[in-house]
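Undergrad: Have a look at the structure that comes next, please.
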Amino acid sequence: MLKKLRTGFYSQKYRFDLGLQLLAFVNFALLVITASQTLKSYFGVGKITDLLIISLPLAFLGVWIVGYFLDTVVKQQQQTEEEYSKRSVLWQKNFQQQKQILEELKKLRKKK
């Protein structure tokens, strides 16, 4: 039971970490809203605390939802690894060596 709980917690933390990219946009939006009197009157919010009570939980929920989307739909981890392998000189050398080894194996098999 503890193992399932730990795995579930780690999975949710991973999704939250993926979604943290959204938090920069949320912070900017909150900055604009709190700095502008016009926007406060437009949203009908008299005090900043009312806005924060609503917006902070929504921001965390939005971060988790974006992380969940990146984790399950986009498969962000696999795409990141694929992009790193394309750009890494070491991975390119490894793939080149692997191709050479496979070609030599094919030549040896043909000789038999």
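FYI, it's all coordinate maths here, none of it is from the lab. None of the values given here were measured: they were computed from a predicted structure. Please note: Cβ atoms are built from the backbone with ideal geometry, for glycine as well, and neighbour counts cover all protein chains shown.
Undergrad: Just to confirm the number: angle between the C-alpha axis of helix 76-87 and the first principal axis of the chain, 0 to 90 degrees, nearest 10?
TA: Computed tilt is about 50 degrees.
Undergrad: To continue, here is another question. Using θ = phi - 60° and the Karplus curve 6.51 cos²θ - 1.76 cosθ + 1.60, what whole-Hz ³J(HN,Hα) does each residue of region 62-70 get, with Gly and Pro shown as x?
TA: Using θ = phi - 60°, the values come out as x, 4, 5, 5, 5, x, 4, 4, 5 Hz.
Undergrad: Between (1) 1.45; (2) 0.99; (3) 1.32, which entry matches Rg/Rh (Cα atoms, Kirkwood Rh) as derived from the coordinates of this structure?
TA: Given (1) 1.45; (2) 0.99; (3) 1.32, the calculated one carries the label (3).
Undergrad: Taking the alpha-carbon distance from K3 and a cut-off under 30 Å, which lysines remain once sequence neighbours fewer than 8 residues away in the same chain are dropped?
TA: K13, K75
Undergrad: Let me ask something else about it. Given labels modelled 7 Å from the Cα in the Cβ direction, how far is it in nm from Q78 to L20?
TA: 2.5
Undergrad: So for the pair K110, K13, with labels modelled 7 Å out along Cα→Cβ, what separation do we get in nm?
TA: 5.3
Undergrad: Under 22 Å between alpha carbons, and skipping anything fewer than 8 positions from K93 in its own chain: which lysines qualify?
TA: Correct list for K93: K106, K107.
Undergrad: Of L52, T38, Q92, whose Cα points farthest to the positive end of the dipole of the chain (charges on the beta-carbon: +1 Lys, Arg; -1 Asp, Glu; origin at the Cα centre)?
TA: Q92
Undergrad: So, one more: Could you work out the relative contact order of the chain, using alpha carbon pairs under 8 angstrom and six or more residues apart, expressed as a whole percent? Let's see the in-between values first.
TA: Numbers: 46 pairs, mean separation 37.7, N = 112.
RCO, the chain: 34 percent.
Undergrad: Cα axis of helix 2-35 to longest principal axis of the chain: angle in degrees, 0 to 90, nearest 10?
TA: Approximately 50 degrees, to the nearest 10.
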